[in-house]
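Accompanying notes for the structure given below.
Readers should treat all values here as calculations from the given coordinates under stated rules, not as data from a laboratory. Here the structure is a predicted model, which is why all the values come from computation and not from measurement. Please note: Cβ atoms are built from the backbone with ideal geometry, for glycine as well, and neighbour counts cover all protein chains shown.
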Amino acid sequence: MKLKKLVLSLLSLSMMMIMTGCSKKYELMNHYITGPFDTITTYMSYVSSEDEFNEQCDYIEEQLNYYDQLFDKYNTYNGMNNLKTVNDNAGKKAIEVDQPLIDLLNLSIERNQKISSKVNIAFGSVINIWHDYREEAESHDGVGTVPSDEELENANQHTSIDSIEIDEKKKTVYINDALASIDVGATAKGYAIELIKDGLIEMGVDNFLLSGGGNVASHGQRKIQKEGEFYLDDCADKFCVGIESPQDGNYAASADDPDSENEAVLVVQGESIVTSGDYQRFYQDVNGVRYHHLIDPETLYPAVHFRSVSIITEDSGLADFLSSAVFLMEYEEGLKLVNSLDGVEAIWLLEDGKIKMSDGLKDNDNVYIIEKSRLN
């Protein structure tokens with residue numbers, strides 16, 4: 001009997017050693033990529049080896065560069081027909097392009113027709129004017145002039161989304177208006193992030209945060225509990241994302257936490273968060289009036305409803321589209337749209353320093369507003 005107990009004890013010990021030896025040890029690693037989509041892309045994941053992490057980073061960087069070049073309307077690249085090639089041949093001929101560009105254009109047109117006409121990828125002729133004025137201002141310490149109404153209205157005559165002709169079989173894109181131009185600035189980055197996220201999941205990566213210039217995609221959760229004090233207890237073992245503060249005007253400082261760079265914190269598990277705001281790409285006139293890059297197709301001027309709009313939903317591409325669309329809407333119109341879509345939530349930072357949330361975020365344990373007095 002004693003021998004039997006000894007054998008069983010040894011077997012149990014052996015099994016424990018095997019199980020311990022087979023368990024993985026994880027380490028949090030971070031990587032930064034500068035360049036693609038004119039932003040800094042950050043990536044974090046819990047991995048068991050540096051080689052594993054480097055493989056993931058190589059994949060992300062390769063894909064980011066590819067999509068950035070394919071969707072680029074300002075530069076050409078050897079051996080690639082991209083969006084600039086299509087725009088340069090407007091009114092001349094159809095251009096054969098890679099399938100991801102076809103897919104992005106089709107999806108953007110579909111969402112324009114079914115979700116909101118506020119985001120129009122054929123609005124490039126107007127966006128180009130504002131881009132040129134902003135570039136000129138940047139060469140003069142961020143101070144510049146404003147395009148005339150006549151200049152904007154003339155360009156707006158060439159913004160019909162019907163001018164984009166896509167041949168699925170030939171994989172070509174043709175713009176039948178020689179003065180029209182495609183701009184995917186409101187859709188491309190989120191779409192690319194979503195494709196890369198899907199690729200990482202297919203590779204077997206079961207936890208990560210991928211963030212590129214206001215576009216954050218998440219998958220899984222932390223492998224190692226994070227130590228410290230957090231606004232939300234769940235941030236110790238789940239990924240959390242902050243809603244960035246403009247840190248000027250009525251958001252110059254938070255009374256509850258003056259050192260915080262965020263206005264809110266959200267727990268994410270598979271969701272994407274995309275923010276559109278007026279405090280990243282902008283210039284000012286001599287009177288200090290701010291002119292940012294999000295142009296309202298009705299007024300032809302930068303929208304003035306909010307400081308930022310953040311969309312929370314699973315699909316980063318949809319979140320990118322919606323963050324631009326809702327930013328260009330009055331609050332009630334945007335709220336109605338968000339509430340009509342399954343699995344979509346939003347946070348608005350208003351000009352007066354107040355914060356509004358969509359219905360599904362109210363009384364939600366996964367969101368924390370840092371300065372409660374801002375809630376409206």
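Quick notes
- DSSP-loop GluC sites (Glu not before Pro) across the range 280-376, with at most 13 other Cβ within 10 angstrom: GLU298, GLU330
- For GLU150 and MET203, a Förster radius of 45 Å and the Cβ-Cβ distance give a FRET efficiency of 0.30, rounded to the nearest 0.05.
- Dipole orientation for the chain: of the candidates ALA192, TYR283, THR145, ALA192 has the Cα lying most toward the positive pole (charges on Cβ; Lys, Arg +1; Asp, Glu -1).
- For the pair GLU332 and ASN78, a Förster radius of 35 Å applied to the C-beta separation gives a FRET efficiency near 0.10, rounded to the nearest 0.05.
- A Cβ-based charge dipole, computed about the Cα centre of the range 65-166 with Lys and Arg at +1 and Asp and Glu at -1, lands at about 400 debye.
- Lysine pairs with alpha-carbon atoms under 18 Å apart, the range 83-175, spacing 8 or more or separate chains: 8
- Candidate aspartates and glutamates - alpha carbon under 12 Å from LYS336, same-chain residues fewer than 8 apart omitted: GLU345, ASP359
- Computed from the C-alpha gyration tensor, the three semi-axes of the ellipsoid equivalent to the range 83-175 are 28, 15, 13 Å, from longest to shortest.
- Going by neighbour counts of Cβ atoms within 10 Å, the residues THR76, THR34, THR85 line up, fewest first, as THR34, THR76, THR85.
- Shape box of the chain [Cα atoms, principal axes, largest first, Å]: 98, 55, 41
- Fewest-first sequence of VAL274, VAL86, VAL143 by Cβ atoms within 10 Å of each Cβ: VAL143, VAL86, VAL274
- Of the trypsin sites (Lys or Arg not before Pro) in the range 185-278, those whose Cβ has at most 15 other Cβ within 10 Å and which sit in DSSP loop: LYS226
- For MET80, MET44, the sequence from fewest to most other C-beta atoms within 10 Å is MET80, MET44.
- In nm, spacing of pseudo-spin labels at ASN30 and GLU298 (7 Å Cα→C-beta vector): 4.2 nm
- Helices in the chain, meaning DSSP H runs of at least 4 residues, each add -39500 (n - 2.57). Divided by all residues, the mean residue ellipticity at 222 nm is -10500 deg cm²/dmol.
- With the gyration tensor restricted to C-alpha atoms of the range 188-374, the semi-axes of the equivalent ellipsoid amount to 27, 20, 15 Å, longest first.
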